[in-house]
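Novice: Mind looking over this structure? Questions follow.
The values are calculated or read from the model by the stated rules, or taken from the named source; none is laboratory data. Note that the structure is a prediction, hence the values are computed from the model and not measured. Counting neighbours? That spans all protein chains shown, and the Cβs are built from the backbone with ideal geometry, glycine included.
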C-alpha cells in the first residue's frame, strides 16, 4: 500500500509541475496613446532556405535533417501549413497549421527542431524574451491569452490568462514581464496585469 501511495504522490507531483497555470488578471482601460507608445517593429524576415513544394513545407534545422510539415487534404483530418517568416534575432520560424475550423501557430526552433504551439499570432516583447498571443475561439470555447517566455532558445508557456466577461480582445499591442496591452473588438485599449 505504501508503494502505491508513493507512486501516486510522485505522479501527482510530476503532473502538477507540467500543467499550465490558468489565472485571472486585472483589466484596466487605457488610452490609445498609451498603447501607441509601444511600437512593434517588423520582426519577421523571409528565409530563402524554407521551401514549400507539392504540399511539403521544409525548414532547415542546424546540423539535423530538415523539419517537414506535410499538408493533409483528407476530409477527416484536413491540415495545411504555411510559412510566415523567421523571427528576427532568434532561431525561430513561424508556421501556421490550418484545419476546417481552427488555426494554430507553430514556433519552430531552427536550432533543435522543437515545435511550440501557440493559440494565436505571437507578439514579442521588445527584449525578445517573451511573447503573448490571444485566441479567436469558436462558439464553444472561451477566449484566453497565452503568455510565453524564451530562455536559452527554448519557448515555454508561463500562463494562460482568462478573458474578461464582455471584452473580446482582437490584438495584443505590447508585451511586458507581468502585463500586456491589448485592443478589443470595440476599439478600446486595455492593460492586463498579472502576477505569477
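Novice: Looking only at the range 51-66, count every residue that is without any contact (Cβ under 8 Å) to a residue 24 or more places away in the chain and closer than 14 Å to residue 112 by Cα and tell me the total.
Specialist: Qualifying residue count, the range 51-66: 3.
Novice: Turning to a different aspect of this structure: Just the residues that are part of a strand (DSSP E or B) and in contact with a strand residue (DSSP E or B) (Cβ under 9 Å, 6 or more places away or on another chain), please, taken from the range 25-55.
Specialist: Residues satisfying the conditions are 26, 27, 28, 29, 30, 44, 45, 51, 52.
Novice: A further question follows. In the list 90, 58, which residue meets the criterion of being part of a strand (DSSP E or B) and farther than 22 Å from residue 25 by Cα?
Specialist: From the options 90, 58, the qualifying one is 58.
Novice: Still on this model: Exactly one of (1) at pLDDT 95 or above; (2) more than 23 Å from the chain's Cα centre (by Cα); (3) closer than 24 Å to residue 131 by Cβ is unmet by residue 67. Its number?
Specialist: Among (1) at pLDDT 95 or above; (2) more than 23 Å from the chain's Cα centre (by Cα); (3) closer than 24 Å to residue 131 by Cβ, residue 67 violates only (2).
Novice: Another question about this same structure. Looking at the range 68-79, which of its residues are part of a strand (DSSP E or B) and either surrounded by fewer than 16 Cβ atoms within 10 Å (Cβ to Cβ) or in contact (Cβ under 8 Å) with a residue 40 or more places away in the chain (or both)?
Specialist: 68, 70, 72
Novice: Here is a follow-up. What strands (runs of 3 or more DSSP E) lie completely within the range 100-192 and have 3 or more residues being under 13 Å from the mean Cα position of the chain (by Cα), over 23 Å from residue 34 (Cα atoms) and touching a residue at least 40 places away in the same chain (Cβ under 8 Å)?
Specialist: 154-162
Novice: So if I check each of 164, 141, 183, which one is out of contact with any strand residue (DSSP E or B) (no Cβ under 9 Å at 6 or more places or on another chain) and on the phi < 0 side of the Ramachandran plot?
Specialist: 141
Novice: Kindly check whether there is at least one residue in the range 168-178 that is in contact with a strand residue (DSSP E or B) (Cβ under 8 Å, 6 or more places away or on another chain), at pLDDT below 95, farther than 21 Å from residue 43 by Cβ and buried (at least 16 other Cβ atoms within 10 Å of the Cβ).
Specialist: Among the residues of the range 168-178, not one is in contact with a strand residue (DSSP E or B) (Cβ under 8 Å, 6 or more places away or on another chain), at pLDDT below 95, farther than 21 Å from residue 43 by Cβ and buried (at least 16 other Cβ atoms within 10 Å of the Cβ), which makes the answer no.
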